[in-house]
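Step one of this worksheet: look at the structure below.
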Amino acid sequence: MYKKFDVRFRAHHLRWGKEGVVRRRLYWLLPDLASARRTMNDLLLARIAEPHIHFVAPEGADTAGLHPANILQTSDVVRAAEVGLLIGGAVGIAVGVLAAVFFPIVGDSPQWGMVAVLGILGGLFGVWSSSMIGVSTPSKRLRRFEGALEQGQFLLMVDVPHARVAEIETLLKNGHPEGHYEGVEPDIPAFP
């Protein structure tokens with residue numbers, strides 16, 4: 001029994017790492033591709049895994065050797081899906097209450113199961129429709145960097161364990177004086 005627990009604990013420990021899952025997102029602006037590549041290499045040498053390093057490049061820029069940010073990090077799809085879930089679910093529940101009270105399927109008593117079914121369907125429809133809109137909307141978190149990206153700079157977003165924030169900030173400040181520190185996001189979302 002203890003051996004089985006120990007194996008599960010070790011597997012969990014290896015998957016999440018010694019630092020745990022709480023991470024902070026650091027933002028840095030770098031002037032060009034060469035500086036971005038050097039920064040990427042330094043972060044890899046500092047044992048920051050590549051999936052936690054994200055670059056947003058100017059439109060049409062070469063990103064060879066960099067880990068580009070994905071659609072979840074560069075668009076507003078997650079926030080839009082959350083809003084769609086709330087609005088769609090609320091509308092679905094409201095329609096479900098009206099349908100249950102005024103249009104019962106069997107007999108004259110309200111069919112309260114319709115409320116749950118229409119609430120779930122409304123939420124799903126809201127998530128789907130609003131995420132289609134959110135995918136084409138730039139992220140509100142990155143809006144402040146639009147001017148720098150238009151000037152050809154590269155935005156680095158690196159997700160660092162809470163305990164290593166000061167260490168990585170010092171590494172980047174000392175090793176890349178050409179870069180500009182743009183702040184830290186307190187807690188990164190689980191998805192982007």
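The values are calculated or read from the model by the stated rules, or taken from the named source; none is laboratory data. Just so you know, these numbers come straight off a predicted model, no measurement behind them. Glycine also receives a Cβ, built like all others from the backbone with ideal geometry; neighbour counts cover every protein chain displayed.
Residues that are under 25 Å from ALA81 (Cα atoms) and surrounded by 16 or more Cβ atoms within 10 Å (Cβ to Cβ) were ranked within segment 93-120; the one that is nearest to the chain's Cα centre (by Cα) is GLY119.
Would you be able to say whether some residue in segment 33-46 is more than 13 Å from LEU156 (Cβ to Cβ) and at pLDDT below 90? Yes, the conditions are met somewhere in segment 33-46. With the structure loaded, tell me whether LEU85 is out of contact with any Phe, Trp or Tyr (no Cβ under 9 Å at 6 or more places or on another chain), modelled with pLDDT of 90 or more and in the same structural domain as ALA116 (by TED's automatic domain parsing) or whether it fails that test. Yes, satisfied.
Just one of the numbered conditions (1) surrounded by 13 or more Cβ atoms within 10 Å (Cβ to Cβ); (2) within 20 Å of the chain's Cα centre (by Cα); (3) in contact (Cβ under 8 Å) with a residue 12 or more places away in the chain is not true of HIS180: (2).
Please find, among ALA69, ALA61, ALA49, ALA57, the residue that is closer than 30 Å to ARG164 by Cβ, touching a Phe, Trp or Tyr at 6+ places or on another chain (Cβ under 6 Å) and assigned by TED's automatic domain parsing to the domain that holds ALA148. Steps first, answer last, please.
On the way: ALA69 fails: touching a Phe, Trp or Tyr at 6+ places or on another chain (Cβ under 6 Å); ALA61 fails: touching a Phe, Trp or Tyr at 6+ places or on another chain (Cβ under 6 Å); ALA49 fails: touching a Phe, Trp or Tyr at 6+ places or on another chain (Cβ under 6 Å).
When all the criteria are applied, what remains is ALA57.
Pick from segment 27-77 the residues that are of a type in the set (Val, Ile, Thr) and surrounded by fewer than 18 Cβ atoms within 10 Å (Cβ to Cβ): which of them is farthest from SER136 (Cα to Cα)? Filtering segment 27-77 for residues that are of a type in the set (Val, Ile, Thr) and surrounded by fewer than 18 Cβ atoms within 10 Å (Cβ to Cβ), the one farthest from SER136 (Cα to Cα) comes out as THR63. Residues that are without any contact (Cβ under 8 Å) to a residue 24 or more places away in the chain and among the small types (Gly, Ala, Ser) within segment 41-63 comprise ALA49, GLY60, listed in sequence order.
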